[in-house]
Structures are given as C-alpha cells and as structure tokens.
Ligand code: PHE
C-alpha cells in the first residue's frame, strides 16, 4: 500500500534502472535512491520527526521501496553482465577452443630431491630418520664428539658462534645428532640424520657457508668395518644403479677410531677414460664420505655401554652428492635462489 509520493519514487527509480545501459549508470541509480542521502534514505530519516501514527506507515514504505528497487537493480546488473558476455563472444578474437592459461608448476629443490631419495634408500635398509637442531650446544657439536676445547681438530671447523652464549653455535656438521641418538635410542639401532650445516668459509665454487650433510650411525653388538663397507656399497648401488668400486683411506676424526675417507670410483669416467675427468680431477676417484668406527668415548658420552656395543658412523657430503648427481659445477647455486637454475630440476 504505497502512498502516491512513494509510488512516484518507485516509478522514477524503475525507469532509471531500465534506462541504465552500463554498470556505472546502474550504480548511480543505486546511490540516488538507496544511498544514505538518497530518496529512500530520506524517508527513513524523516521517521523520527513524523507524528507517531504515521511512523509505521513510513517504515513499511521505505522497506518496500528498498526491496523493489534493490531487486530491480540486481536483476538489471545480471542482465548487463550476460549482455557483456554475449558481446564478448560475438566479437572477433574470442575462441572458446583455445587451451587455458598454463598453470605454473613448481618443483623440488635438487637437495630436497636427493635427500628424499636417500631417505627412501636408507629406510628400506632399516634406518630411522632423525633430526637435530641447527643451533647446537658446544657440548654436542664438539665436546661429546671427543673434541675438547683445546683440541686442534677444532681448527677444521670454522665455527659461527652465537653472541652472548659461549656454549651456542651453528652446528658445523651433522655429527652432534650422533650424540642425541645415542642418548635417546636403545641399541641396536640404525639411523640417518640429514640437514644443514654451517661454516665460516671463504665462499667459492666448492665452499659455502651453508651446506648439507647426512649423518649415519649404526650401533649394535659385533658391528665391524665390514658392516660399514657393506652399507656404503649397498647405498651407492642404489644411487648410481650399478656396483661402483670403493676404497678406504685412513682419515682422522676424533670421534671415530679407526677413521676413514671413503672414495668411490668416478662414475663419470673410470670405465671409459682411465686417466680421469674434471669431476674426479683426473684421479678416477671421488672423495665421498668420511666415516669410521664410533670411538668408545663417544659411545660412553652418549650413555651407551662401550664394552658391549660397537658402531660405525659416516658423514655423507649431501651437497657434494647433489652436485655429482646433477652435474652442478658450483656449490653456490644450491643456496642462491636463482630461478633460472632452480627451474631446471
Ligand atoms: N662430521 C665429520 C665432518 O663433517 C665427518 C664424519 C662423520 C667423519 C662421521 C666420521 C664419521 O667433518
């Protein structure tokens, strides 16, 4: 039941809606009638000054107008949208059979790819996968690994120390996870611990302040160097998909005794050019992995009975392996976030 004034507003509004030929014109009709200072808004504002018996009528009218006009605007908006679509389709250049815009697909970082592959290989050999903190205690990074404060072996590790706490550092290798494993796992056990390590190196094509290692630790009764060699051969066969010759040279690390450097016959040249290639620096051998039998003192530090148990440990240079695997010649690519490099993997 609209008053003649309200009917006039309605008719004017509906005419405006019908005449609006684009979205902007429609928005202007919307403002003129439904906006705060619009015609309907004014009716609402007038209620408080109206005589009480007229207030209800005014309220109902305002609401009715809102509904009718609002509905018409919505309808017109839909119609305009549909018209625009039809026009676009009719114009030249719209071809609904063209393929859509290609989706950008990301890929895993080469280090992540190799880490996951190694985790798969070692878990299939019964190894648990462990994690350890990157900000470590001196006790774990050095002391418990049989490298006391004044030991010259500390010279090998250009350590980033944390300000304000003499016991805190960025771990220089993944070996501190050995101690954490000895403390928490009950022998016999096998475990690997991949992760980032940090050294204050002068950065060049083969040295980076941040790099990746993968620690391995096997502890049990009667574990020998034979088990170490067997484990290394098995994992290399999986990675390179064939049997590669290996050799052990003596190597010194205070936390293993005896300690070794494990070399592998260069998979890129040894079979073809016996004089070597650039990857193996013309030696046909690639230095891959320091390793050895866990020093009894380290077992004891970790709370494991060194009379009863023995074990072996290895520290795989993961960054190195990634470079070998993908033929990457500069370690700085691994940490540099250059998409031109990363998109190749
Ligand atoms: N943590 C040693 C390093 O990074 C490598 C290593 C690991 C040696 C395990 C022996 C056994 O220098």
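The values are calculated or read from the model by the stated rules, or taken from the named source; none is laboratory data. Everything quoted here is computed from the prediction, not taken from an experiment. Heads up, the Cβs are rebuilt from the backbone with ideal geometry, glycines too, and the neighbour counts pull from every protein chain shown.
For this structure, a couple of remarks:
- Across region 179-190, a minimum of one residue is classified as surrounded by 14 or more Cβ atoms within 10 Å (Cβ to Cβ) and in a strand (DSSP E or B).
- Region 246-256, residues that are surrounded by 15 or more Cβ atoms within 10 Å (Cβ to Cβ) and more than 10 Å from the ligand (Cβ to nearest atom): 246, 248
- Taking every residue in region 276-301 that is over 21 Å from residue 214 (Cβ atoms) and pairing it with any residue that is within 11 Å of the ligand (Cβ to nearest atom) and assigned to a helix (DSSP H, G or I), at least 6 positions away or on another chain, the pairs with Cβ-Cβ distances below 9 Å are 301/145.
- Annotation: residue 313 fulfils all but one of (1) at pLDDT 95 or above; (2) part of a loop (DSSP other than H, G, I, E, B); the unmet one is (2).
- Region 196-210, subset touching a strand residue (DSSP E or B) at 6+ places or on another chain (Cβ under 7 Å) and either more than 13 Å from the ligand (Cβ to nearest atom) or modelled with pLDDT of 95 or more (or both), residue nearest to residue 115 (Cα to Cα): 196
- Number of positions in region 309-333 that are under 18 Å from the mean Cα position of the chain (by Cα) and farther than 27 Å from residue 179 by Cβ: 1
- Whichever residue in region 105-129 is free of Cβ contacts under 8 Å to residues at least 12 places away in the same chain and more than 17 Å from the chain's Cα centre (by Cα) and, among such residues, is surrounded by the most Cβ atoms within 10 Å (Cβ to Cβ): 123
- Filtered residues of region 282-296 (kept if farther than 30 Å from residue 332 by Cα and within 14 Å of the ligand (Cβ to nearest atom)): 293, 294, 295
- Check on residue 220, assigned by TED's automatic domain parsing to the domain that holds residue 160 and more than 20 Å from residue 287 (Cβ to Cβ): yes
- Qualifying residue in region 310-319 (condition: assigned by TED's automatic domain parsing to the domain that holds residue 223, over 25 Å from residue 199 (Cβ atoms) and touching a residue at least 60 places away in the same chain (Cβ under 8 Å)): yes
- If you go through region 141-178 and keep only what is part of a helix (DSSP H, G or I), in contact (Cβ under 8 Å) with a residue 40 or more places away in the chain and within 12 Å of the ligand (Cβ to nearest atom), you end up with 145, 153, 176, 177, 178.
- Scan of region 5-34 for residues that are exposed (fewer than 14 other Cβ atoms within 10 Å of the Cβ), under 15 Å from residue 65 (Cα atoms) and either in contact with a helix residue (DSSP H, G or I) (Cβ under 9 Å, 6 or more places away or on another chain) or touching a residue at least 24 places away in the same chain (Cβ under 8 Å) (or both), ordered by number: 5
- Hey, residue 79 assigned by TED's automatic domain parsing to the domain that holds residue 30 and either out of contact with any strand residue (DSSP E or B) (no Cβ under 8 Å at 6 or more places or on another chain) or loosely packed, with under 14 Cβ neighbours inside 10 Å (or both) or not: yes
- Hey, residue 138 closer than 29 Å to residue 321 by Cα, touching a residue at least 12 places away in the same chain (Cβ under 8 Å) and out of contact with any helix residue (DSSP H, G or I) (no Cβ under 9 Å at 6 or more places or on another chain) or not: yes
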